[in-house]
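Asks: One structure follows; several queries about it will come next.
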């Protein structure tokens with residue numbers, strides 16, 4: 001079994017990933033931005049580019065899930081934090097991987113925002129980047145891994161879609177409203193939302209480590225689902241209506257710059273995962289709703 005270091009281990013995805021990796025029998029080191037106290041903790045300070053490398057001896061993979069949350073309302077100051085938090089963490093961990101040696105893989109979080117708003121165009125890992133703030137942010141974020149790639153480390157760019165869970169993620173702000181029956185499609189509801197269950201998200205991240213994938217990897221279900229279809233299916237699953245459409249002006253007032261990405265359409269194709277033999281547990285919208293309802297109860 002491997003020894004794997006994980007940053008962002010206290011977040012929704014990170015905590016689920018740590019639990020899964022340990023279930024698989026791996027040793028996990030959690031990178032913490034404080035003095036390490038527990039035996040499984042390693043101190044680091046991404047803003048200063050510092051990490052306790054001696055505690056990482058024997059690590060065979062580093063999973064970087066660090067970065068300021070996308071889901072908050074954006075202003076100019078927060079846009080800068082979104083970028084710098086990702087660049088600082090990624091550069092620090094890419095440098096650490098390069099220093100530790102080429103046998104250390106770097107699994108780096110990324111986002112489907114790379115592709116921008118592309119309508120119904122099928123988007124594989126070979127598709128070019130889009131335009132807009134988030135697309136530019138993701139390109140810079142991914143470029144910060146270059147120091148590891150140039151040192152011969154295996155680098156995975158995990159372009160994650162909307163992570164669906166009852167405990168947070170993409171549905172975090174919506175679930176209370178869905179349960180109350182006061183939610184509905186966002187904007188037109190026709191934009192394609194590339195979603196992935198939290199369960200498949202962490203399984204896919206673990207797969208990239210064990211199957212030794214490299215380069216960009218789209219983490220999203222193969223299903224092509226519009227925002228309206230997704231919200232209606234979940235509402236139906238929990239026995240609530242979903243007819244109160246949220247208009248674009250209201251979204252922009254509530255979310256600021258983030259509204260443009262909530263309204264974006266991205267028809268993501270997880271070609272690398274599928275070609276490698278990965279099997280989704282929640283492959284279809286019906287699978288997702290069945291899993292969510294079981295988790296809800």
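Asks: Would you be able to tell me the number of residues in the range 93-107 that are in contact with a strand residue (DSSP E or B) (Cβ under 9 Å, 6 or more places away or on another chain) and outside any helix (DSSP H, G or I)?
Replies: 4
Asks: I would also like to ask the following. Checking residue 252 against (1) part of a helix (DSSP H, G or I); (2) in contact with a helix residue (DSSP H, G or I) (Cβ under 7 Å, 6 or more places away or on another chain); (3) at pLDDT 90 or above, which single condition isn't satisfied?
Replies: Condition not satisfied by residue 252: (3).
Asks: Within the range 171-188, how many residues are modelled with pLDDT under 75 and crowded, with 20+ Cβ neighbours inside 10 Å?
Replies: 2
Asks: Could I ask something else about it? Buried (at least 16 other Cβ atoms within 10 Å of the Cβ), part of a loop (DSSP other than H, G, I, E, B) and more than 18 Å from the chain's Cα centre (by Cα): does that describe residue 36?
Replies: Yes: the conditions hold for residue 36.
Asks: Give 127, 85, 66, 110 a once-over and let me know the one that is touching a residue at least 12 places away in the same chain (Cβ under 8 Å), assigned to a loop (DSSP other than H, G, I, E, B) and closer than 27 Å to residue 40 by Cβ.
Replies: Sole residue among the options that is touching a residue at least 12 places away in the same chain (Cβ under 8 Å), assigned to a loop (DSSP other than H, G, I, E, B) and closer than 27 Å to residue 40 by Cβ: 66.
Asks: Which condition number does residue 286 fail, the rest of (1) over 19 Å from the mean Cα position of the chain (by Cα); (2) at pLDDT 90 or above; (3) outside any helix (DSSP H, G or I) being met?
Replies: Among (1) over 19 Å from the mean Cα position of the chain (by Cα); (2) at pLDDT 90 or above; (3) outside any helix (DSSP H, G or I), residue 286 violates only (3).
Asks: Moving on. Out of curiosity, is residue 118 in contact (Cβ under 8 Å) with a residue 60 or more places away in the chain, more than 30 Å from residue 285 (Cβ to Cβ) and out of contact with any helix residue (DSSP H, G or I) (no Cβ under 6 Å at 6 or more places or on another chain)?
Replies: No.
Asks: Would you be able to tell me the number of residues in the range 110-133 that are buried (at least 22 other Cβ atoms within 10 Å of the Cβ) and in contact with a strand residue (DSSP E or B) (Cβ under 7 Å, 6 or more places away or on another chain)? Full working, then the answer.
Replies: Going residue by residue through the range 110-133, those that are buried (at least 22 other Cβ atoms within 10 Å of the Cβ) are 110-116, 123.
Now narrow it down to the ones that are in contact with a strand residue (DSSP E or B) (Cβ under 7 Å, 6 or more places away or on another chain): 110-112, 114-115, 123.
Residues flagged as buried (at least 22 other Cβ atoms within 10 Å of the Cβ) and in contact with a strand residue (DSSP E or B) (Cβ under 7 Å, 6 or more places away or on another chain) within the range 110-133 amount to 6.
Asks: Further, regarding this structure: Look through 192, 209 and report the one residue that is within 30 Å of residue 241 (Cβ to Cβ) and touching a residue at least 40 places away in the same chain (Cβ under 8 Å).
Replies: Of 192, 209, the one residue that is within 30 Å of residue 241 (Cβ to Cβ) and touching a residue at least 40 places away in the same chain (Cβ under 8 Å) is 192.
Asks: Turning to a different aspect of this structure: Can you confirm whether residue 18 is modelled with pLDDT of 95 or more and not in a helix (DSSP H, G or I)? Even if it seems obvious, please write down each step before you answer.
Replies: On the way: modelled with pLDDT of 95 or more: yes; not in a helix (DSSP H, G or I): no.
Criteria not met by residue 18.
Asks: Can you tell me how many residues within the range 100-109 are more than 20 Å from residue 202 (Cβ to Cβ) and either buried (at least 20 other Cβ atoms within 10 Å of the Cβ) or in contact with a helix residue (DSSP H, G or I) (Cβ under 6 Å, 6 or more places away or on another chain) (or both)?
Replies: Of the residues in that region, 2 qualify.
The values are calculated or read from the model by the stated rules, or taken from the named source; none is laboratory data. Everything numeric in this text was worked out from a predicted model, so none of it was measured. A quick note on method: Cβ atoms are made from the backbone with ideal geometry, for glycine too, and the neighbour counts reach across all protein chains shown.
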